[in-house]
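Take a look at the structure set out below.
The values are calculated or read from the model by the stated rules, or taken from the named source; none is laboratory data. None of the values given here were measured: they were computed from a predicted structure. Note that each Cβ is placed from the backbone with ideal geometry, even for glycine, and that neighbours are counted across all protein chains shown. For the accessible areas, the whole protein counts, side chains as well, though only heavy atoms, and no ligand, DNA or RNA atoms are used. Shrake-Rupley method; radii C 1.70, N 1.55, O 1.52, S 1.80 Å.
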Amino acid sequence: MNTPLQIKTDAPDYNALTQQIRLWAEELALTVGFTSPTIAAHHRQRLSAWLAAGYHGDMDFFERNQAARTDPRQLQENTLCIISARLNYWDEQSSNAQSILTNPNIGYISRYALGRDYHKVLRQKLKQLCLNIEAEIGSFIWRPFTDSAPIMEHALAEQAGLGFIGKNTLLIHPQAGSTFFLGEVICNLPLASDPATEKCGCGPCNNCLTDCPTGAIVAPFTVDARRCISYLTIEHEGSIDESLRPLMGNRIYGCDDCQLTCPWNKFSQTTITADFSTRHQLDQQPLLTLWHWSEQDFLSKTEGSPIRRIGYEKWRRNLAIALGNAPSSTEVLQGLENAILNASDLVKEHILWALAQHKNKTNQQAVHVRRYFL
Ligand code: SF4
Ligand code: SF4
C-alpha cells in the first residue's frame, strides 16, 4: 500500500491528488488518465457520420443518446473532469486464439468474455478508487461508468493520453496493445488534463481491414456494425443475414480478428485480475458439447459471465450457424435434426440453414466423386 500524500481537506493540492490517484489506480490494476469533459470536434463529427450512414444497425440507443454522448456534462451536472481507466483482460489461456479459430469443431468465444463479467469487476474498481479519494479529501460528486452510459469512451481515453484510436476503431497503447477494458469516472474535481495522444500509430498497416472476416471495417476508422461479428453475435436480435453466416466460421460470441492481426498486440499485457481467468474451459469447448447444453446448463455455466447477457436463444442461434460451418458428421447432423422439434422459430430457421449447408457440402462432394469416376 502506498502512503497517501498529505492533502489538506480544506484546500486540496490537486496536483498531488492527481499523482495519488494514479498510485491508487495502479494498486487496483488500473491505468488512468485525466481529461476535460469536452469531446473534441473530430470525434463528434466521426460519430455523426457513422450514425448518418446507418452503420450502428439496430442499436437505436446510439441515436437516442447522441446529445449526452457528445457532452458528458449532460450525464452529471458540474462535471469538471473525467478519469479514464484501462484494465487489462488478456489471460495466459487467451493465447490459443489462433488455433481455436482454425479448428471448426470448437466454438470461438472472444477472449475478453472467458472470465467474469468485466462490467462488475471494473465498476467495483472504479468505485474503490473514488472511495479512496473521498477518504482523502472528503465527499465530492462522482459517477463510475463501464459501458453503462452513453459515453464516447475511446475518444475520452485518447484525450486522456491512454492510447490512440486505431483503424479498427479500438484504443491501442504502444505498450499494452488493445486487450483491455475501458471505464470512466465523471467527477467535479478540477484535475488537470493529461496531454491527449495526438498520433495514430497505424502507419501504412491495414491488417485489420484486410483480415476482418466479413469486411466490416469499410474504411479506416469506420466499422459497419451490421457486418461485424461482435455485433451480430451479441447485440443483434433476430435472424442473421444469410450471406454473412458462412463468414462467421466458428465464432459464437464476439470476434477478435481485428485485434489478433494487429501488430501492436504483440505488446498485450497479461492481466493480473484473477476474475478474468478462463472459466469452464470456455476457450476450447467443442461446438457439439455447447450445443447439447440445456438452458439450465447455459445459465449455470455462464453465471457471472458476460455471455449470459445474450440469453439462451441467441446463444443457440449463434451455435447453429457455427455448426452449419463445421465439417459434416453424423453427430453434427443428428444434433441439429434432434433440436428442431423444441427450437424457437428463430433458432429453427438457423438450424434449417445449417442442415442445408451440410446437404450442399454432401452434394458438392458427390459431384466431385462423379467427376472422378465417370
Ligand atoms: S470484431 Fe471481427 S467482424 Fe468486427 S470488425 Fe473486428 S474483425 Fe471485423
Ligand atoms: S491492424 Fe494495423 S491498421 Fe489495424 S489497428 Fe492495428 S496497426 Fe492499425
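Numerical summary
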item: Members of the range 230-271 found to be of a type outside the set (Phe, Trp, Tyr), part of a helix (DSSP H, G or I) and more than 16 Å from ligand 2 (Cβ to nearest atom), listed by number; result: 232, 233, 234, 235, 245, 246, 247, 248
item: Condition check for residue 237: assigned by TED's automatic domain parsing to the domain that holds residue 146, of a type in the set (Asp, Glu), open to solvent by 60 Å² or more (accessible area, probe 1.4 Å) and in contact (Cβ under 8 Å) with a residue 60 or more places away in the chain; result: yes
item: Qualifying residues in the range 221-242 (those that are out of contact with any helix residue (DSSP H, G or I) (no Cβ under 7 Å at 6 or more places or on another chain) and of a type outside the set (A, V, I, L, M, F, W, C)) - the one nearest to ligand 1 (Cβ to nearest atom); result: 230
item: Pick from the range 74-89, criterion among the polar types (S, T, N, Q) and over 15 Å from residue 43 (Cβ atoms), ranking: least open to solvent (accessible area, probe 1.4 Å); result: 79
item: Those residues of the range 180-229 which are over 30 Å from residue 126 (Cβ atoms), of a type in the set (Asp, Glu) and surrounded by 19 or more Cβ atoms within 10 Å (Cβ to Cβ), in sequence order; result: 224
item: Residues of the range 332-351 satisfying the condition of being surrounded by 15 or more Cβ atoms within 10 Å (Cβ to Cβ) and in a helix (DSSP H, G or I); result: 332, 333, 335, 336, 339, 346, 347, 348, 349, 350, 351
item: Cβ pairs under 7 Å, 6+ apart, first in the range 290-313 and more than 18 Å from residue 335 (Cβ to Cβ), second β-branched (Val, Ile, Thr) and assigned to a helix (DSSP H, G or I); result: 310/234
item: Members of the range 33-58 found to be in contact with a Leu (Cβ under 8 Å, 6 or more places away or on another chain) and not small (Gly, Ala, Ser), listed by number; result: 34, 35, 37, 39
item: Helices (runs of 4 or more DSSP H) wholly inside the range 12-73 containing at least 1 residues that are in the same structural domain as residue 155 (by TED's automatic domain parsing) and open to solvent by 70 Å² or more (accessible area, probe 1.4 Å); result: 14-27, 41-52, 61-64
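Rundown of residues vs (1) under 30 Å from residue 249 (Cβ atoms); (2) surrounded by fewer than 17 Cβ atoms within 10 Å (Cβ to Cβ), yes/no style:
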site	(1), (2)
91	yes, no
98	yes, yes
108	yes, no
142	no, no
148	no, yes
